[in-house]
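A short write-up of the structure that comes next.
The values are calculated or read from the model by the stated rules, or taken from the named source; none is laboratory data. All values reported here derive from a predicted model rather than from experimental measurement.
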Amino acid sequence: MQIKIDIDCTPEEARSFLGLPDVAPMQAVLMKEIERSMTSSLHAMEPEQLFKTWLPAGLQGLESIQQAFWKQMAGATGTPADKKKDK
């Protein structure tokens, strides 16, 4: 035997029926604080500094991958990369 109950209510109604607190005001205050903090941090930094902060690890990783790739390609031709430079 199966019993199916379909309740049509809004999330706010369900929250109050179950006795859960309404966190919307707290969430709004926290989001405004986060937005204010991020905005002040962004205004304090220059675009060049932002890129240096956000991208150095990614760019260094990309350079390492490129170097390894070219080293492998030089090795795949049968001539070591060091001997190619000497010629």
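The lone criterion from (1) part of a loop (DSSP other than H, G, I, E, B); (2) at pLDDT 80 or above left unmet by Thr79 is number (2). Going by what's in this entry, would Pro25 be described as modelled with pLDDT of 80 or more and not in a helix (DSSP H, G or I)? Criteria not met by Pro25.
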